[in-house]
Amino acid sequence: MKKGSNTKLSIFDTFKIKGELTGEANRQRAIITILASNANPAERTRTGISQSIAKRHGIAWKNIYSGIFRDLDEILIPLEIAEEGGRLPLKRGPKALQEKGIPYYHLTKKGVLVALSISEVKNREKLLEKIFSQSDPKEKEYERIIKSLSETSPNFTYSIFQKYVKAFCDNKIKDLLPFDLSKLKDISDESLIIQKEILEAFLKLSKQDKEEAIRFLNEIT
């Protein structure tokens, strides 16, 4: 589905002055975090998501319901990040609604990829497995190295997903799928350049120099 002019994933948007995440960014991140968890279907309806977020912030869920509704129906679903996972029957209310039920949602493959970029998501190891269980041949090329790096350098690994998804949010990558890290090559990112430089230099060091370099880094981190 093509993005509309106002259809934009805002999970990295910040206020220009404060540098803090906007309300919309926090709300979308919270929705994706809930859908990425093992929450039961009732917690993944619009109402369930609103109640979960409201409880965390000590506010009335009805005050944020419209924002949750809009994020799902105008952003996450059109971008194919979330989709309807089924419907729950209603015992009360209008007969037509009882028969139709209320929808609950889950993440698509694209949504799982987005969830890997969000630090609040707690089960990213399982999501990583899920991504590669659904991968095409091109994506399979990254499986072994990314899984290996996620075990030894999880912060670095998930920062790559963060940069990849942020590039999509900033319209520097046309689409998230297929997952292809070569899309980042044309995007200048100083932190990735520095990390690559450090890794290449570290591999050339003697055993003693490596140990000294690690001690030095331990003193400053």
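Answer yes if at least one residue in segment 132-144 is surrounded by 17 or more Cβ atoms within 10 Å (Cβ to Cβ) and among the acidic types (Asp, Glu), and no otherwise. Yes, segment 132-144 has at least one match.
Which is in a loop (DSSP other than H, G, I, E, B) and farther than 19 Å from LEU76 by Cβ, of LYS122, LYS126? I'd like the intermediate steps shown before the answer.
On the way: LYS126 fails: in a loop (DSSP other than H, G, I, E, B).
Sole residue among the options that is in a loop (DSSP other than H, G, I, E, B) and farther than 19 Å from LEU76 by Cβ: LYS122.
Applying the criterion of being in contact with a strand residue (DSSP E or B) (Cβ under 7 Å, 6 or more places away or on another chain) and acidic (Asp, Glu) to the residues of segment 49-93, the residue that is surrounded by the fewest Cβ atoms within 10 Å (Cβ to Cβ) is GLU84.
In this entry, SER135 is excluded by the filter for residues that are assigned to a loop (DSSP other than H, G, I, E, B), under 22 Å from ASN40 (Cα atoms) and of a type in the set (S, T, N, Q).
Could you say whether any residue in segment 15-22 is in a helix (DSSP H, G or I) and out of contact with any Asp or Glu (no Cβ under 7 Å at 6 or more places or on another chain)? No, because not a single residue in segment 15-22 is in a helix (DSSP H, G or I) and out of contact with any Asp or Glu (no Cβ under 7 Å at 6 or more places or on another chain).
All of (1) modelled with pLDDT of 95 or more; (2) aliphatic (A, V, I, L, M); (3) not assigned by TED's automatic domain parsing to the domain that holds LEU107 hold for ALA60 with one exception: (3).
Among the residues making up segment 161-180, those that are farther than 15 Å from ILE81 by Cα and among the basic types (Lys, Arg) are LYS163, LYS172.
Out of the residues in segment 169-178 that are on the phi < 0 side of the Ramachandran plot and surrounded by fewer than 21 Cβ atoms within 10 Å (Cβ to Cβ), state the one that is nearest to the chain's Cα centre (by Cα). The selected residue is CYS169.
Within segment 194-207, take every residue that is surrounded by 10 or more Cβ atoms within 10 Å (Cβ to Cβ), part of a helix (DSSP H, G or I) and not aromatic (Phe, Trp, Tyr) and give me the one that is farthest from the chain's Cα centre (by Cα).
Taking the candidates together, the pick is ALA201.
Among residues of segment 103-129 being crowded, with 18+ Cβ neighbours inside 10 Å and more than 13 Å from the chain's Cα centre (by Cα), the one that is nearest to ASP175 (Cα to Cα) is TYR105. Residues of segment 182-193 that are part of a helix (DSSP H, G or I) and of a type in the set (A, V, I, L, M, F, W, C): LEU184, LEU192, ILE193.
The values are calculated or read from the model by the stated rules, or taken from the named source; none is laboratory data. Source: prediction; values computed, not measured. Using ideal geometry, Cβ is built from the backbone for each residue, glycine included, and neighbour counts are taken over all protein chains shown.
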